[in-house]
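Remarks on the structure that follows.
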Amino acid sequence: MAISLYAATIPSCQQLLGAVDALLDKAQAFCAEKGIPEEEMIEARLIEDMLPFAYQIRATATHSIGAVEAIRKGTFSPDRSPWPASFAALKQLVAETQSALAALDPAEIDGFEGRPMCFELPGLRADFTAENFLLSFSQPNFYFHATTAYDIMRMKGVQIGKRDFMGVWRTV
């Protein structure tokens, strides 16, 4: 059985973004319950040289709908703009990302196959096909950042588990 590029990428992003949205609710409730300023969670890092929780959440948007937008343009460069600084802004970003993914035409995503695509940083360029970009760059990054956000919440003491990370399964 062959699987389409759309089926191999977009539904998994949608599943985890649903989980990320629920995780944001739990993080916000935890802060309210414990009397912790939301900035403490938003700015939390696993270790000093890693980016904070808010960046990790934004990166799930960057490596889902942002990856699709990059393929449409033919280039991807990391988003260096400031990340959202509140739970409300993070939830809005996740909601906008979910809406944009839901509006995608599967035929458009499947039509990306073979399209040239490049990743660019100052002093670095990596050429991909669209499918290799999605499957070997954006998808691993998406999971990395979703996992890191989850891990930061665990480190801060939020009572969550694997099921919270996985979101709603796509069963038969």
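So here's what we get for this one:
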| quantity | calculated |
| --- | --- |
| In the range 123-137, residue surrounded by the fewest Cβ atoms within 10 Å (Cβ to Cβ) [restricted to those that are out of contact with any Phe, Trp or Tyr (no Cβ under 7 Å at 6 or more places or on another chain) and of a type in the set (A, V, I, L, M)] | Leu124 |
| Test: residue in the range 81-96 that is among the basic types (Lys, Arg), closer than 23 Å to Tyr150 by Cα and modelled with pLDDT of 95 or more | yes |
| Verdict on Pro52 being over 17 Å from Phe165 (Cβ atoms) and at pLDDT 95 or above | yes |
| Residue match in the range 100-114 (condition: touching an Asp or Glu at 6+ places or on another chain (Cβ under 8 Å), among the β-branched types (Val, Ile, Thr) and modelled with pLDDT of 95 or more) | no |
| Neighbours by Cβ (under 7 Å, 6+ apart or cross-chain): first from the range 1-17, within 13 Å of Gln139 (Cα to Cα); second acidic (Asp, Glu) and assigned to a helix (DSSP H, G or I) | Leu5/Asp110; Leu5/Glu131; Tyr6/Asp110 |
| Residue, nearest to Phe53 (Cα to Cα), within the range 152-172, restricted to residues that are assigned to a helix (DSSP H, G or I) and within 14 Å of the chain's Cα centre (by Cα) | Phe165 |
| Some residue of the range 106-122 being surrounded by 15 or more Cβ atoms within 10 Å (Cβ to Cβ), assigned to a helix (DSSP H, G or I), in contact with a helix residue (DSSP H, G or I) (Cβ under 6 Å, 6 or more places away or on another chain) and of a type in the set (Asp, Glu) | no |
| Neighbours by Cβ (under 7 Å, 6+ apart or cross-chain): first from the range 30-41, over 17 Å from Ala89 (Cα atoms); second surrounded by 18 or more Cβ atoms within 10 Å (Cβ to Cβ) | Phe30/Val158 |
| Close pairs (8 angstrom Cβ cut-off, 6 or more residues apart or separate chains): closer than 19 Å to Ala61 by Cα and touching a residue at least 60 places away in the same chain (Cβ under 8 Å) in the range 101-130, hydroxyl-bearing (Ser, Thr, Tyr) and surrounded by 10 or more Cβ atoms within 10 Å (Cβ to Cβ) anywhere | Leu101/Ser64; Leu104/Tyr6; Pro106/Ser4; Pro106/Tyr6; Ile109/Ser4; Ile109/Tyr6; Ile109/Thr9 |
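The values are calculated or read from the model by the stated rules, or taken from the named source; none is laboratory data. This is a predicted model, so every value here is computed, not measured. Note that each Cβ is placed from the backbone with ideal geometry, even for glycine, and that neighbours are counted across all protein chains shown.
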